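Student: Quick one: the structure is below, questions incoming.
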Amino acid sequence: MKLNQLAVSSAIFAALAFSSCVKDQCTRKVTYTRHDPVYRTYAEIRQPIIPQPAREIRQTGKIFIKDNYLLVNEPHVGVHLIDIQNPNSPQNVAFIPIEGNMDIAMRNNTLFADNYTDLVAVDLTTLSNPRIIARTENVFPIIGSDNNGMIVDYISKEVTEEIACDAAYGYQNMWTNDMIMTMNGTPIRGTTGVGGSMSRFALYDKFLYCVDQQSLHVVNVAAAEQGNMYEESQMAVGWNIETIFPSDRNLFIGSQTGMFIYSIDNPRSPVQLSSFEHAQACDPVFASGNTAYVTLRSGTQCNNGANELLVVDVSNLRQPTLTASYPMHNPHGLSVRNNDLFLCEGDAGLKVFDVANQQNIAQNLRSSFANIHAIDVLTIPNTNNVVVVGKDGLHIYDASNVSGIRELSFIPALGHP
């Protein structure tokens with residue numbers, strides 16, 4: 001009897017042990033997005049520019065026009081210089097490699113661009129030999145750093161793997177594609193050029209104004225050609241800052257929750273005049289005379305369903321008031337010339353509205369192009385032409401008759417799927 005009890009006890013122990021082993025060996029498949037950091041040392045990013053021949057654009061970024069040249073940022077890679085003197089046949093004439101570049105502006109023959117965390121001034125007097133002539137270090141925030149160096153980007157990859165059934169699973173998708181701050185430029189006077197409405201750089205006289213996600217930076221560029229460029233001041237604006245647009249002696253700063261108006265009567269020290277709140281959404285701003293046009297759109301970073309065009313009366317800069325609002329498809333960048341509003345509607349293309357009657361804009365659609373994914377638009381100074389940034393490339397249109405706009409030329413982005 002004791003022998004039988006021992007046998008039963010042994011069998012039970014063996015079964016429990018086997019069950020435990022089976023449990024320990026249990027696995028399950030999980031799929032998640034892994035974000036691997038890309039590192040650079042400060043010595044690596046602070047290298048001289050090595051000129052490269054003109055090459056095709058792979059991805060469109062921000063645009064800037066100076067004289068007869070269209071500057072096109074290719075995100076994180078550099079700047080393409082395109083001669084548009086003949087808009088029917090634009091010529092790609094040079095490529096300026098600037099790693100980590102997202103924003104551009106130009107004064108005289110000097111290009112200002114972000115180089116990851118630094119601001120650089122590049123002499124373009126001789127296009128075949130661009131030279132960094134000034135550098136202001138640590139103007140812009142970085143994603144992060146650790147023992148491996150400065151984190152400048154992330155490479156996202158979908159991974160499927162087997163893990164133990166009882167293993168903790170804590171992977172989270174933490175990457176957003178707007179962590180590297182700064183974008184394009186919109187100067188307003190002097191020997192500068194013109195940039196788009198989705199800019200984070202703005203030139204006024206001898207100062208460059210840059211916004212990151214929460215701050216406004218004032219950089220003195222008066223002596224950049226002589227190698228002297230420095231940050232005058234930095235001030236907190238708010239959270240989720242996206243764009244900056246200058247008009248007269250004021251800066252219109254767009255965020256995901258509102259518009260801020262700053263006076264630059266003293267260019268060294270901008271002063272906030274007012275703010276205008278709106279629903280949370282991505283927010284480019286374009287100011288023209290006593291009116292500011294604000295587009296709100298839903299998007300991956302905006303977390304809101306608002307898709308609207310807001311018309312704001314800024315005749316009293318200290319008390320901006322809403323004049324009208326219009327539902328839109330998915331408005332992005334915009335530009336105004338006389339009474340014509342050129343509006344990029346994402347995958348709904350480019351639309352042109354008559355804004356003479358601000359209470360009836362939506363009913364005054366003058367033309368529409370639904371065959372492009374329109375992101376930003378810029379009217380070319382001293383011409384009747386406009387350039388539209390699309391996912392597929394750059395489109396130059398003759399808009400002398402806005403009811404019969406015709407395409408003059410197209411510069412493809414070869415990396416577009």
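The values are calculated or read from the model by the stated rules, or taken from the named source; none is laboratory data. All of these numbers come straight from a predicted model, not from anything done at the bench. We place every Cβ from the backbone using ideal geometry, glycine too, and count neighbours over all the protein chains shown.
Student: Run Asn92 past the list (1) under 21 Å from Val221 (Cβ atoms); (2) in a strand (DSSP E or B); (3) of a type in the set (S, T, N, Q) and report the number of the one that doesn't hold.
Tutor: Only one criterion in (1) under 21 Å from Val221 (Cβ atoms); (2) in a strand (DSSP E or B); (3) of a type in the set (S, T, N, Q) is unmet by Asn92, namely (1).
Student: Something else now. For region 247-258, which positions are within 23 Å of the chain's Cα centre (by Cα) and closer than 18 Å to Gly195 by Cβ?
Tutor: Matches in region 247-258: Ser247, Asn250, Leu251, Phe252, Ile253, Gly254.
Student: Then there's this: State the number of residues belonging to region 139-160 that are in a loop (DSSP other than H, G, I, E, B), over 16 Å from Gln214 (Cβ atoms) and in contact with a His (Cβ under 8 Å, 6 or more places away or on another chain).
Tutor: Matching residues across region 139-160 total 0.
Student: Does region 56-72 hold any residues that are in contact with an Asp or Glu (Cβ under 9 Å, 6 or more places away or on another chain), more than 17 Å from Asn109 (Cα to Cα) and either without any contact (Cβ under 8 Å) to a residue 60 or more places away in the chain or of a type outside the set (A, V, I, L, M, F, W, C) (or both), and which are they?
Tutor: Within region 56-72, Arg58, Gln59, Thr60, Gly61, Lys62 qualify.
Student: A further question follows. Given the criteria under 20 Å from the mean Cα position of the chain (by Cα), farther than 14 Å from Val285 by Cα and not polar (S, T, N, Q), does Asp347 qualify?
Tutor: Yes; evaluated as a whole, the condition is true for this residue.
Student: Then there's this: Suppose the filter is at pLDDT 95 or above, over 19 Å from the mean Cα position of the chain (by Cα), under 19 Å from Ser197 (Cα atoms) and among the aromatic types (Phe, Trp, Tyr); does Tyr293 pass it?
Tutor: no
Student: Within region 45-81, which residues are small (Gly, Ala, Ser) and closer than 21 Å to Asp153 by Cα?
Tutor: Gly61, Gly78
Student: Which ones in region 199-243 are of a type in the set (Ser, Thr, Tyr) and closer than 16 Å to Asp114 by Cα?
Tutor: Ser199, Tyr209, Ser215, Tyr230, Thr243
Student: Same structure again: Quick one: in region 365-398, which of the residues that are among the small types (Gly, Ala, Ser) and assigned to a strand (DSSP E or B) is nearest to Gln85 (Cα to Cα)?
Tutor: Gly393
Student: Related question: Could you list all residues from region 67-81 that are of a type in the set (A, V, I, L, M, F, W, C) and surrounded by 23 or more Cβ atoms within 10 Å (Cβ to Cβ)?
Tutor: Correct list: Leu70, Leu71, Val72, Val79.
Student: Okay, next question. Here is a check on your reading of the model: is Met198 modelled with pLDDT under 80 and part of a loop (DSSP other than H, G, I, E, B)?
Tutor: It is false that Met198 is modelled with pLDDT under 80 and part of a loop (DSSP other than H, G, I, E, B).
Student: Now for a different question. Which members of region 249-268 meet the condition of being assigned to a loop (DSSP other than H, G, I, E, B) and over 17 Å from Leu203 (Cβ atoms)?
Tutor: Gln256, Thr257 - these are the residues of region 249-268 that are assigned to a loop (DSSP other than H, G, I, E, B) and over 17 Å from Leu203 (Cβ atoms).
Student: Could you look through region 227-264, keep only residues that are touching a residue at least 60 places away in the same chain (Cβ under 8 Å) and hydroxyl-bearing (Ser, Thr, Tyr), and pick out the one that is surrounded by the fewest Cβ atoms within 10 Å (Cβ to Cβ)?
Tutor: Top of the filtered list is Tyr230.
Student: Take the residues in region 318-368 that are touching a helix residue (DSSP H, G or I) at 6+ places or on another chain (Cβ under 7 Å) and without any contact (Cβ under 8 Å) to a residue 60 or more places away in the chain, then tell me which one is nearest to Lys62 (Cα to Cα).
Tutor: Restricting to residues being touching a helix residue (DSSP H, G or I) at 6+ places or on another chain (Cβ under 7 Å) and without any contact (Cβ under 8 Å) to a residue 60 or more places away in the chain, the top hit is Val352.
Student: When both residues are 6+ apart or on different chains and their Cβ atoms are under 9 Å apart, which pairs have a first residue that lies in region 265-277 and is more than 15 Å from Ser215 (Cα to Cα) and in contact (Cβ under 8 Å) with a residue 40 or more places away in the chain, and a second that is among the basic types (Lys, Arg) and surrounded by 11 or more Cβ atoms within 10 Å (Cβ to Cβ)?
Tutor: Pro267/Lys206; Pro267/Arg249
Student: Could you grab me the full set of residues in region 92-131 that are more than 19 Å from Glu232 (Cα to Cα) and among the charged types (D, E, K, R)?
Tutor: Residues satisfying the conditions are Glu99, Asp103, Asp123, Arg131.
Student: When both residues are 6+ apart or on different chains and their Cβ atoms are under 8 Å apart, which pairs have a first residue that lies in region 132-153 and is surrounded by fewer than 19 Cβ atoms within 10 Å (Cβ to Cβ), and a second that is modelled with pLDDT under 80 and not in a loop (DSSP other than H, G, I, E, B)?
Tutor: Ile143/Asp153; Ile151/Gly144; Ile151/Ser145
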